Amino acid sequence: MRESAARASRAEVGRRVTHRRYVPYSHAHYAGNLVDGAYSLAAFGDVATEMCIMTDGDEGLFASYSDVQFKAPVRAGDVIEISAEIVRVGSRSREMAFEVRVVGRGNPERGPSAADLLEPPIVATTARGVVVVP
């Protein structure tokens, strides 16, 4: 029997995973150095994968997204924080709440490589998603 199949799930409501990353200029897709909305969705997939590995010893598979909201732009040069929190646990499914926050942003008015930490962070994208694990 595989080790991951032998152990019990550690999925529980309130468990959270957070990643931070810099958004490179090579990912800018639109005027104003904007990245596309799919960038946030891909980041949600990354935190969901880590969550599934932590809780179930398997990468899991996305079944659906719901209530995706693009609330503010994400730009090249931003530092973003991506989080997933389990909000419901089924026998094989885990529903998660996702959020992308911009925690740092370039400030070209101060200089070509100037940047500021944002306090409070800007909530850029939110969503709900369901993953399934074997």
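Hand me the list of strands (runs of 3 or more DSSP E) wholly inside segment 40-112 holding 2 or more residues that are surrounded by 20 or more Cβ atoms within 10 Å (Cβ to Cβ). Break it down into steps so the answer makes sense when it comes.
Numbers: elements: 61-70, 79-89, 93-106.
Strands (runs of 3 or more DSSP E) meeting the threshold: 79-89, 93-106.
Taking each residue of segment 73-101 that is at negative phi and looking for partners that are assigned to a strand (DSSP E or B) and among the acidic types (Asp, Glu) with beta-carbon atoms closer than 7 Å, six or more apart or interchain, yields Ser83/Glu99; Val87/Glu95; Arg88/Glu95; Met96/Glu85; Ala97/Glu85; Arg101/Glu81. Taken over segment 88-123, the criterion of being of a type in the set (A, V, I, L, M) and under 15 Å from the mean Cα position of the chain (by Cα) is satisfied by Met96, Ala97, Val100, Val102, Val103, Ile122, Val123.
This table checks each residue for (1) closer than 14 Å to Val130 by Cβ; (2) among the aliphatic types (A, V, I, L, M).
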site: Gly14; (1), (2): no, no
site: Ala28; (1), (2): no, yes
site: Asn33; (1), (2): no, no
site: Ala48; (1), (2): yes, yes
site: Ile53; (1), (2): no, yes
site: Gly106; (1), (2): no, no
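Determine whether Glu119 is surrounded by fewer than 17 Cβ atoms within 10 Å (Cβ to Cβ), without any contact (Cβ under 8 Å) to a residue 12 or more places away in the chain and of a type outside the set (A, V, I, L, M).
Details: surrounded by fewer than 17 Cβ atoms within 10 Å (Cβ to Cβ): yes; without any contact (Cβ under 8 Å) to a residue 12 or more places away in the chain: yes; of a type outside the set (A, V, I, L, M): yes.
Here the answer is yes, as Glu119 does meet what is asked.
Among the criteria (1) loosely packed, with under 11 Cβ neighbours inside 10 Å; (2) under 16 Å from the mean Cα position of the chain (by Cα), the one Ser26 does not fulfil is (2). Of all residues assigned to segment 59-76, at least one qualifies as being acidic (Asp, Glu) and in contact with a helix residue (DSSP H, G or I) (Cβ under 7 Å, 6 or more places away or on another chain).
All of the numbers you see were taken from the coordinates with simple rules; none came from a lab. This one's a predicted model, so the numbers in the text were calculated from it and none came from an experiment. For neighbour counting, all protein chains shown are included, and Cβ atoms are generated from backbone atoms with ideal geometry for every residue, glycine included.
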